[in-house]
Each structure stands twice: as structure tokens, then as C-alpha cells.
């Protein structure tokens with residue numbers, strides 16, 4: 001056991017999550033909406049390529065956005081979170 005002033009090292013427990021990656025299309029946004037049971041829903045925005053779709057994700061901490069290329073993951077307690085691709089790749093691998 002460590003004292004409060006002594007740092008200790010910890011490793012993440014291996015868990016399997018489900019995730020879907022956004023691609024800016026309404027079709028994928030609708031699939032993610034179904035996957036998240038309505039906890040993530042599409043919102044439209046415009047860029048130099050025209051209309052794109054991102055996801056507004058209801059998390060335990062409040063609403064967060066998932067932009068094109070981001071992942072929407074279901075956590076171990078059934079909660080949903082957006083993850084940037086670099087964080088997703090550093091944290092998860094396909095099973």
C-alpha cells in the first residue's frame with residue numbers, strides 16, 4: 001500500500017469496448033445514432049466541401065462533439081464518449 005504522498009504505477013485493465021468512426025456523412029451519422037440508442041445524434045455544419053455531419057454525444061459529463069474522423073465509443077458501463085483518432089489508436093486495438 002502506498003502513502004498519499006508516494007506515487008504508484010497503475011495499468012489499465014483490459015476491457016473490450018464497441019466503437020464506430022464518424023466520416024461526415026448523414027448515413028454513418030444515422031448508424032451511430034442507432035448504435036448509441038439516441039445518446040449521439042447528428043448535427044449539420046458547413047465547410048469548404050459543403051455539408052458535413054458531426055455527432056453530438058450525451059456523456060455523463062454533458063454534451064461533447066464528435067467531428068469527422070472521431071470515434072464514438074460505448075464505455076464499460078454503457079455510457080458513450082467521443083474519442084479523437086490519435087487517442088483511440090493509442091488506447092485500443094481491434095479484437
Sort out which residues of the range 26-60 are under 13 Å from the mean Cα position of the chain (by Cα) and either surrounded by fewer than 13 Cβ atoms within 10 Å (Cβ to Cβ) or on the phi > 0 side of the Ramachandran plot (or both), and write them in order of number.
60
How many of the residues making up the range 67-81 are out of contact with any helix residue (DSSP H, G or I) (no Cβ under 8 Å at 6 or more places or on another chain) and under 15 Å from residue 45 (Cβ atoms)?
2
Within the range 75-95, track down each residue that is part of a strand (DSSP E or B) and over 11 Å from residue 57 (Cβ atoms).
none
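Each value in this text was obtained by applying a stated rule to the coordinates, not by laboratory testing. Computed from a predicted structure; not experimentally measured. We place every Cβ from the backbone using ideal geometry, glycine too, and count neighbours over all the protein chains shown.
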